[in-house]
Amino acid sequence: MTDTSQKILNRLQDKLKKAEPIHISLPGNGILKIEKPVPFLLVYRLTGGKDYFPGRLGKTESAYLIAEDSPDGLLREIVQLVTRVFFDKFKGFLLVEAWQIPLAYRSPFTIYISQKSAVATARKLDTELGKIPVHSWGKTSVLKKQETPAAPPGMKALLEKEQLEKEGITLMGIEIAPVYINEVTGKAYPLFLRELRAGYSKALRKSFFEFIRLQTTFITSHFQMLGTTIIDDKAREIDRELAAYTKLFDFLMLVTPINVNEAWQQFKQDHYSKDPVFHYRPMPVDPEIIKRKIYNLPVEDITDPTIAFLFRDKRKEIDRMLNMMQEREKHDFMLSSLQLFGPVSEQLLDMAKALLVAIDVVRTPVAGSKRLNASGFAQLARKELKWLRTQDKSISTNIRIADDVEGVLVSKGVLNINSGFSVSPKRAVSLLQHEVGTHVVTYYNGKAQPLELFSIGVPGYEELQEGLAVLAEYLTGGLTGSRMRTLAARVVATHEMVSGKSFVETFGLLTDKYAFEHHAAFNICMRVYRGGGLTKDAVYLKGFLNIIDYIKRGKDLKHLLIGKIREDYLPVVQELIHRNILFEAPVTPRFLTGAFTEKLEGIKKAGNIFKMIQH
């Protein structure tokens, strides 16, 4: 044993004794990483060959050893020390060694065991690996029992049979065939390899969980809690870069006209017969340069499959937004919008039309009715922000009143109000919960997470965000029939726009068939036709309907407030919470407190949008 090896063992022994996280570099580019005491260890022996899969995959787990089998026996000493300490602590220990073979004609995974104690765990691993879709293979995994302990071809087992029995250690081997490598070029199929690694990681954790549940005293309630709990420096840097590129431009501001009032006056003068001409803010960035930079980010080097998925998804969304900015006021803008926000389904369109027919038309109050101006609404909003600050001191009470915004909107956690804006006192309460209670709260809940992605928004977050915001209006008594007609009209207008109808034609449909006042119809059409055709406004009604269904299924709304996420991200969010990478939402909005929540019970029992509007 060399002096260097002995120092490594001494350091390891000291950290094991203190139950501290272990991160030790080993000779020959090896590494030992144990984030927390757990009754398992994944081992991969370096052999000098090209490693596309097993070693890199090991780095996604919370306890792994990647090292060369040196003559001085350091690797075996490390294994014996770790297994002995953790077996004593947890009354059981699973040692898993993975290796790659050079032949691709075998089944992708072969599991080797020689002990009865490994049978249940191996069967679980075999079942989970079998769920990974590997094209052209009838069976993804094969389970083999043998007399001798598992080991890579030509190598001795990490622990001999007598040692395993004496110390109560369970050993399992996983042989991986390179079915993910192109035999002609010798290079990996990147997309197939990505899918395979994600499935393999999940299968391993479920197998570790099975072993722990049956054969140890270790306490854990979910298999994802066994995964890595650390975001490495490379992942943090990519997260920061993606957030920085997103913050270089305000997408919604850039696709919203700055001459809405002037365009409305001209539209009236033209007797509603000519499509209005809208003007937009100058582009502050060169989309092509940002595209080049985001695709230069080494997302493929992220070893955690879940984090890598989040980054790839966000990068794709940024790319589509940049496309839309390049295509502003052109036909392709609408096509990119459909990719980003989705189409209007027949079911959604039918619901929107039914609401427009079922809800009675109520004319807006006559001039002179008491209303809050921009300053009055800002004063109410500031009080609400101060109330939220009692839960999170980082929440800013800054509010921006300006001429360059349409109505009221939240951008990067800041409430923006048009200087000419006015609202009835009753509507103001619900509008506050829409803008501040939802959009501001989820921004700051996202900022409380270690990844900025959750505050700037995951791809497609708008549907869930706006669904929650409309729910906030309903719970606070502000979702009037008039408001529902507006949301339904946005769906119809979006459908008409996508179908090729002009601004004037859609305006005429809203005023003539659905009895909208001229100014209201103009604003609905402006929002839909802005930029060249923005389909985003259809998500308000769609998101609200999905939220109603979510509540009826008995799900917890607080999970949706963790940041700017979309509903199908919940499994990802829950996984990261289990792994202590994400935290529960620190801020609860007012609309989910006190008497406001009583209406939730009504939705659970008989949630029907028509009944909800009646009440």
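Just so it is clear, none of the values below were taken in a lab; they were calculated from the coordinates. Source: prediction; values computed, not measured. Glycine gets a Cβ as well: all are built from the backbone with ideal geometry, and neighbour counts include every protein chain shown.
Excluding residues fewer than 8 places away in the same chain, name every one of the aspartates and glutamates whose C-alpha is closer than 12 Å to that of LYS247.
GLU452
Considering the options ALA67, ALA489, GLY478, tell which one lies farthest towards the positive end of the dipole of the chain, charges being +1 on Lys and Arg and -1 on Asp and Glu at the Cβ, about the Cα centre.
Positive-most Cα among the choices belongs to GLY478.
For ASN296 and MET155 in one chain, what is 0.36 nm times their gap in residues minus the Cα-Cα distance, to one decimal in nm?
Full-extension gain reported as 46.7 nm.
Listing ASP88, ASP239, ASP233, ASP319 from the residue with the fewest other Cβ atoms within 10 Å to the one with the most, what is the order?
On the way: ASP88 11, ASP239 23, ASP233 8, ASP319 17.
Least crowded to most crowded, the residues run ASP233, ASP88, ASP319, ASP239.
Where does the Debye-calculated log10 I(q)/I(0) of the range 3-230 sit at q = 0.08, 0.09 Å⁻¹, using only Cα point scatterers of equal weight, no solvent?
Here log10 of I(q) over I(0) equals -0.27, -0.34.
Counting Lys and Arg as +1 and Asp and Glu as -1, each charge on the Cβ, what is the dipole of the range 283-385 about the Cα centre in debye, to the nearest 20? Intermediate values should be presented prior to the final figure.
Values: 16 positive and 15 negative charges, 128 e Å.
Once rounded to the nearest 20, the dipole reads 620 debye.
With Rg and the Kirkwood Rh both taken from Cα atoms, where does Rg over Rh land for the range 74-121? Show your work: numbers first, answer last.
On the way: Rg = 14.2 Å, Rh = 13.3 Å.
A ratio of 1.07.
Treating only the Cβ of Lys, Arg, Asp and Glu as charged (+1, +1, -1, -1), what charge dipole size does the range 3-230 show about its Cα centre? Round to the nearest 20 debye. Don't jump to the answer; show the numbers that get you there.
Values: 33 positive and 23 negative charges, 128 e Å.
Charge dipole of the range 3-230: 620 debye, to the nearest 20.
log10 I(q)/I(0), Debye, Cα-only the chain, no solvent, q = 0.11, 0.12 Å⁻¹?
The Cα Debye sum returns log10 ratios of -1.06, -1.17.
Only Cα pairs under 8 Å and at least 6 apart count here; give the relative contact order of the range 3-230 as a rounded whole percent.
On the way: 392 pairs, mean separation 51.4, N = 228.
Computed value for the range 3-230: 23 percent relative contact order.
Please name whichever of ALA381, ILE258, GLY342 sits farthest to the positive end of the charge dipole of the chain, dipole taken about the Cα centre and charges placed at Cβ: Lys and Arg +1, Asp and Glu -1.
Selected residue: ALA381.
Exceeding 18 Å between C-alpha atoms, which entries from my cross-link table qualify? They are LYS234/LYS314; LYS555/LYS599; LYS144/LYS187.
On the way: LYS234/LYS314 16 Å; LYS555/LYS599 15 Å; LYS144/LYS187 29 Å.
Violating the 18 Å limit, Cα to Cα: LYS144/LYS187.
Using 0.36 nm per residue, how much length does the chain from LEU9 to GLU167 gain when fully extended, once their Cα-Cα distance is taken away? Could you put the intermediate results ahead of the total?
Working: separation 158, 0.36 × 158 = 56.88 nm, distance 1.95 nm.
Full-extension gain reported as 54.9 nm.
Based on alpha-carbon centroids, what's the gap between the range 370-411 and the range 416-454 in Å, whole number please?
Spelled out, the Cα-based centre of one part sits 8 Å from the other.
Can you tell me what the convex hull of the Cα atoms of the range 423-543 projects to on average, as an area in nm²?
Values: hull surface 32.4 nm².
Orientation-averaged projected area of the Cα hull: 8.1 nm².
Name the residue farthest towards the positive end of the dipole of the range 3-230 from the options ILE174, LEU26, SER5, assuming +1 on Cβ of Lys and Arg, -1 on Cβ of Asp and Glu, about the Cα centre.
It is ILE174.
Calculate the spin-label point distance for THR148 paired with LYS383, positioning each point 7 Å from the Cα along the beta-carbon direction, and give it in nanometres.
8.1
Mind sorting TRP387, TRP264, TRP99 by how few other Cβ atoms lie within 10 Å of their own Cβ, fewest first? Show your work: numbers first, answer last.
Details: TRP387 13, TRP264 16, TRP99 19.
Result, fewest neighbours first: TRP387, TRP264, TRP99.
Could you sort 73-80, 347-354 so that the peptide with the highest average Cβ count within 10 Å comes first and the rest follow in order? Kindly include the intermediate steps, with their values, before the conclusion.
Numbers: 73-80: 19.1, 347-354: 16.8.
Averaged packing, sorted descending, gives the order 73-80, 347-354.
Size of the dipole of the chain about the Cα centre, Lys and Arg at +1 and Asp and Glu at -1 on the beta carbon, nothing else charged, in debye to 20? Intermediate results must be reported in sequence, preceding the final value.
Details: 85 positive and 70 negative charges, 260 e Å.
Around 1240 debye, computed over the chain.
What is the gain in length, in nm to one decimal, between GLU288 and TRP264 on full extension, counting 0.36 nm per residue of separation less the C-alpha to C-alpha distance? Can you show the working numbers first?
Working: separation 24, 0.36 × 24 = 8.64 nm, distance 3.38 nm.
The span from GLU288 to TRP264 would gain 5.3 nm if fully extended.
Round to the nearest 0.05 the FRET efficiency obtained for THR229 and ASP512 when R0 = 51 Å and r is the Cβ-Cβ distance.
On the way: r = 60 Å, r/R0 = 1.18.
Using R0 = 51 Å, I get an efficiency of 0.25.
Rounded if a/c is under 1.5, else prolate if a/b is larger than b/c, else oblate: which is the range 332-484, with a ≥ b ≥ c the root eigenvalues of its Cα gyration tensor? Let's see the in-between values first.
Numbers: a/c = 1.75, a/b = 1.07, b/c = 1.64.
Judged from the Cα gyration tensor, the range 332-484 comes out oblate (a/c at least 1.5, b/c at or above a/b).
Would you calculate the volume per residue, in Å³, of the smallest convex hull containing every Cα atom of the range 532-615?
Numbers: hull volume 11.5 nm³, N = 84.
Hull volume normalised by residue count: 137 Å³.
Rounded to the nearest 0.05, what FRET efficiency is calculated for ARG213 and ALA358 with R0 set to 51 Å and r the Cβ-Cβ distance? Could the numbers behind the result be given before it?
Values: r = 53 Å, r/R0 = 1.03.
That pair, ARG213 with ALA358, gives E of 0.45.
Highest mean first, how do 482-491, 165-174 rank when packing is the count of other Cβ atoms within 10 Å averaged over residues? Don't skip to the answer; put the middle values down first.
Details: 482-491: 22.9, 165-174: 20.2.
For the peptides 482-491, 165-174, the packing ranking is 482-491, 165-174.
Using only alpha-carbon positions, what ratio does the radius of gyration of the range 373-419 give when scaled by 2.2 N^0.38 Å?
Details: Rg = 10.7 Å, N = 47, 2.2 N^0.38 = 9.5 Å.
Compactness ratio reported: 1.13.
Which percent, to the nearest 5, of DSSP beta bridges fully inside the chain are antiparallel? Working shown, then result.
Details: 22 of 48 bridges.
The antiparallel fraction comes to roughly 45 percent.
Looking at the square roots a ≥ b ≥ c of the eigenvalues of the Cα gyration tensor of the range 1-133, which shape do they give, rounded for a/c under 1.5, prolate if a/b is larger than b/c, or oblate? Intermediate values should be presented prior to the final figure.
Numbers: a/c = 2.07, a/b = 1.35, b/c = 1.54.
Judged from the Cα gyration tensor, the range 1-133 comes out oblate (a/c at least 1.5, b/c at or above a/b).
In the structure shown, do any of LYS513/LYS542; LYS393/LYS536; LYS15/LYS116; LYS542/LYS611; LYS59/LYS558; LYS17/LYS59 have a Cα-Cα gap over 28 Å, and if so which?
On the way: LYS513/LYS542 22 Å; LYS393/LYS536 32 Å; LYS15/LYS116 32 Å; LYS542/LYS611 17 Å; LYS59/LYS558 32 Å; LYS17/LYS59 23 Å.
Over 28 Å apart, Cα to Cα: LYS393/LYS536; LYS15/LYS116; LYS59/LYS558.
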